[in-house]
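Asks: My questions all concern the structure below.
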Amino acid sequence: MQAALDRLKSLSLVQESSGGRVMRYAHNAGKALGIPPQSLALLAVLFLRGAQTAGELRVNSERLHRFGDILAVEAFLHELAERPLVRELARAPGARETRWTHLLSGEPAEPASAPQPAAASADAVTVGEIAAMKANIDHLQREVAALREAMDRLRSELGGG
């Protein structure tokens, strides 16, 4: 533990503060990195929780800093990206929003994606979906036949056919 504290002190990320019988340490990351508290809150949450969307960051950083809206979060993220302390990840397939990750421990490893079959596309239909569609068609055909029988019965009762 002392080695970790010494390393953080050499990077000016923590500083010793006097305490009673035990040495105390205070974080100094905001000053060392030259970033405002809002950005530090975002970095802390990214560091602790991993990649997140701007909306998730807004909610998860609320105890450290309350952002007015997602646009404020995105503005601070873009400032951090210019430094470069964070990076916007490519949008995952099927995801509505992009995620952000910190670069404090280097470039993140790209998540391994499941290999896609060559013939698969966004419009591809699975075997389970085909079976469900067939069952639905069968049900609808039975329902239409029952409605036709009821219509024929009504016509004959009313003398129309």
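The values are calculated or read from the model by the stated rules, or taken from the named source; none is laboratory data. Keep in mind the model is a prediction, meaning the values are calculated, not measured. A quick note on method: Cβ atoms are made from the backbone with ideal geometry, for glycine too, and the neighbour counts reach across all protein chains shown.
Asks: Just to verify a result, which residue in the stretch 4-33, among those that are assigned to a helix (DSSP H, G or I) and among the aliphatic types (A, V, I, L, M), is nearest to residue 89 (Cα to Cα)?
Replies: Here is the first cut: in the stretch 4-33, the ones assigned to a helix (DSSP H, G or I) are 4-10, 29-33.
Narrowing the set further to residues that are among the aliphatic types (A, V, I, L, M) leaves 4-5, 8, 29, 32-33.
Numbers: 4: 29, 5: 31, 8: 28, 29: 24, 32: 26, 33: 22 Å.
Per the criteria, the residue is 33.
Asks: Quick test for you: out of 57, 64, 104, 80, pick the one residue that is within 18 Å of residue 38 (Cα to Cα), surrounded by 10 or more Cβ atoms within 10 Å (Cβ to Cβ) and modelled with pLDDT under 85.
Replies: On the way: 57 fails: modelled with pLDDT under 85; 64 fails: modelled with pLDDT under 85; 80 fails: modelled with pLDDT under 85.
Going through 57, 64, 104, 80 in turn, just one is within 18 Å of residue 38 (Cα to Cα), surrounded by 10 or more Cβ atoms within 10 Å (Cβ to Cβ) and modelled with pLDDT under 85: 104.
Asks: Then there's this: Can you tell me how many residues within the stretch 34-64 are in a loop (DSSP other than H, G, I, E, B) and under 19 Å from residue 84 (Cα atoms)?
Replies: 6
Asks: Here is a further query. Return yes or no: is residue 149 modelled with pLDDT under 90, more than 30 Å from residue 35 (Cα to Cα) and outside any loop (DSSP other than H, G, I, E, B)? Walk me through how you get there before you give the answer.
Replies: Numbers: modelled with pLDDT under 90: no; more than 30 Å from residue 35 (Cα to Cα): yes; outside any loop (DSSP other than H, G, I, E, B): yes.
So residue 149 fails the test.
Asks: Something else now. Take the conditions modelled with pLDDT of 75 or more and not in a helix (DSSP H, G or I) and apply them to residue 143. Does it pass? Break it down into steps so the answer makes sense when it comes.
Replies: Details: modelled with pLDDT of 75 or more: yes; not in a helix (DSSP H, G or I): no.
No.
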